[in-house]
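Peer 1: Pasting a structure here, questions to come.
FYI, it's all coordinate maths here, none of it is from the lab. All of these numbers come straight from a predicted model, not from anything done at the bench. Neighbour counts run over all protein chains shown; Cβ positions are idealised from the backbone, glycine included.
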């Protein structure tokens with residue numbers, strides 16, 4: 001196994017590195033709100049543009065999710081090659097302006113185009129953030145820093161509905177809007193505008209030193225792909241566990257509300273409330289606990305601490321995956337609690353390991369590929385596969401959807417656990433090597 005590709009350890013820059021992380025967190029919150037606000041204005045959009053539910057689904061899903069994932073790869077290449085802070089500034093500026101322009105759309109094609117533009121702008125955020133964190137925080141603090149960043153994304157999902165709902169309600173109550181805007185148009189304008197202010201703060205941030213890869217010059221995209229493929233035995237477990245452990249969260253969002261309605265007779269509002277409350281707080285608690293345990297194990301000399309957390313999350317996910325086959329609602333909710341604890345905990349450790357394995361000049365591409373594989377792969381397992389099981393294996397059964405969810409979740413959890421177990425020794429060596437490397441300077445602000 002090759003050693004980590006970081007030639008030095010970033011020094012702790014006190015307040016400055018935490019200021020950078022705070023700006024990244026605010027960016028994640030802003031991006032999530034801009035992305036999720038459309039869910040609050042679906043009905044007026046549908047009415048004004050005369051869309052069917054299928055067409056609305058294409059606009060809401062295809063125009064954002066697909067372009068968000070695919071655009072991340074070439075943007076990751078730019079992040080590896082050029083100034084990451086300036087690229088992040090342009091990304092925030094882009095998605096904020098495009099979100100505001102959604103509010104001025106007069107046709108569905110214009111709206112589609114502006115949503116695509118917002119997706120491309122937001123695709124910059126995660127690859128740039130991971131690379132900046134890796135060159136700013138020392139290895140033993142990296143999991144905590146990534147955990148804080150990822151927690152902000154999940155927290156913002158809940159905040160988007162609360163804050164966005166308040167904005168929609170306030171705008172709707174106004175007797176008249178300027179420029180003849182409709183309430184849904186003004187909503188997009190108002191949620192996008194604060195991003196312009198946030199982007200300006202990044203003009204005052206200095207690009208951190210890249211701690212590896214510079215001695216050999218700039219890596220081409222082909223170099224990055226060949227390097228990643230050459231170390232597939234190292235990266236494969238990270239990609240595999242990331243994809244498999246994303247499935248339980250995605251099946252919960254996509255299918256459990258419908259399962260609650262069909263099996264327990266709940267209405268849509270109550271189903272959404274149960275899931276929203278669970279996922280608003282518990283992912284943050286799980287992520288915090290995961291980072292504390294990781295650091296404690298590392299300080300105790302367990303160099304495979306990060307992969308042990310991934311293994312623990314896989315085992316928890318396997319047990320929680322049984323939620324779909326419970327006959328009573330309260331039992332289902334109890335089993336969903338541990339499922340909600342794992343998303344930030346496992347992914348923060350996977351991202352930290354990915355950064356330690358990857359030269360600085362290749363991190364953007366590798367992070368974008370991880371996002372692509374995780375999001376598209378998990379979507380393929382969580383959406384059509386569960387639906388197909390409900391239609392065939394469990395056809396005509398009101399609990400069939402939950403059974404399909406359980407079968408997929410438990411299978412993914414067991415497979416992820418097997419991958420993690422087989423990788424413990426390998427990643428123990430990675431962390432040991434990263435702790436032993438010499439220190440070097442890093443400038444943040």
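Peer 1: Among 334-347, 66-79, how do they line up by average Cβ neighbours within 10 Å per residue, starting with the highest?
Peer 2: For the peptides 334-347, 66-79, the packing ranking is 334-347, 66-79.
Peer 1: Just for the Cα atoms in the range 9-437, what are the lengths along the principal axes, largest first, rounded to whole Å?
Peer 2: 63, 52, 37
Peer 1: Once you place label points 7 Å from the Cα toward the Cβ at residue 334 and residue 285, how far apart are they in nm?
Peer 2: 1.6 nm
Peer 1: Now a separate question. Which order do the peptides 238-250, 102-114 come out in when sorted by mean C-beta neighbours inside 10 angstrom, highest first?
Peer 2: Ranking the peptides 238-250, 102-114 by packing returns 238-250, 102-114.
Peer 1: Show me 350-363, 296-309 ranked by packing, highest mean number of other Cβ atoms within 10 Å first.
Peer 2: 350-363, 296-309
Peer 1: So, one more: Specify the inter-centroid distance of the range 72-140 and the range 168-188, based on alpha-carbon positions, in whole Å.
Peer 2: Their Cα centres are 27 Å away from one another.
Peer 1: Would you mind calculating the gained length between residue 254 and residue 182 on full extension (0.36 nm times residue separation, minus the Cα-Cα distance), in nm to one decimal?
Peer 2: 22.9 nm is the gain from fully extending residue 254 to residue 182.
Peer 1: Using a Gaussian network for the chain with springs between C-alpha atoms less than 10 Å apart, which of these wobbles most: 143, 421, 85?
Peer 2: Among 143, 421, 85, the largest GNM mean-square fluctuation belongs to 421.
Peer 1: Considering Cα pairs under 8 angstrom that are at least six residues apart, work out the relative contact order of the chain and quote it in whole percent.
Peer 2: Relative contact order, the chain: 30 percent.
Peer 1: Could you calculate the contour length gain from residue 22 to residue 104, that is, 0.36 nm times the residue separation minus the distance between their Cα atoms, to one decimal place in nm?
Peer 2: Stretched fully, the residue 22-residue 104 segment lengthens by 26.4 nm.
Peer 1: Moving on. Starting from the Cα of residue 221, move 7 Å in the Cα-to-Cβ direction to define the label point; list residues of the range 354-377 whose amide nitrogen is under 12 Å from there.
Peer 2: Residues 365 fall inside that zone.
Peer 1: If contacts are Cα pairs under 8 angstrom and at least 6 residues apart, what is the relative contact order of the range 355-406 in percent?
Peer 2: It rounds to 23 percent for the range 355-406.
Peer 1: Based only on other Cβ atoms within 10 Å, what is the fewest-to-most ordering of 30, 326?
Peer 2: 326, 30
Peer 1: Can I ask one more? Under the 0.36 nm per residue contour assumption, what length would be gained going from the current alpha-carbon distance of residue 429 and residue 193 to full extension?
Peer 2: Length gained, residue 429 through residue 193: 80.3 nm.
Peer 1: May I pose another question? Provide 95, 229, 399 in ascending order of the number of other Cβ atoms located within 10 Å of each residue's Cβ, fewest first.
Peer 2: Listed from fewest to most nearby Cβ atoms, that is 229, 399, 95.
Peer 1: Based on DSSP H runs of at least 4 residues, each adding -39500 (n - 2.57), what is the mean residue ellipticity at 222 nm of the chain after dividing by all its residues, to the nearest 500 deg cm²/dmol?
Peer 2: That calculation yields -25000 deg cm²/dmol at 222 nm.
Peer 1: Ok, one more. Let me understand the range 86-136 better: what is its radius of gyration from the alpha carbons, and its Dmax, in angstrom?
Peer 2: Values for the range 86-136 (Cα only, Rg and Dmax): 13.0, 44 Å.
Peer 1: For each of 140, 397, count neighbouring Cβ atoms within 10 Å of the residue's Cβ, then give the residues from fewest to most.
Peer 2: Least to most surrounded, the residues fall as 397, 140.
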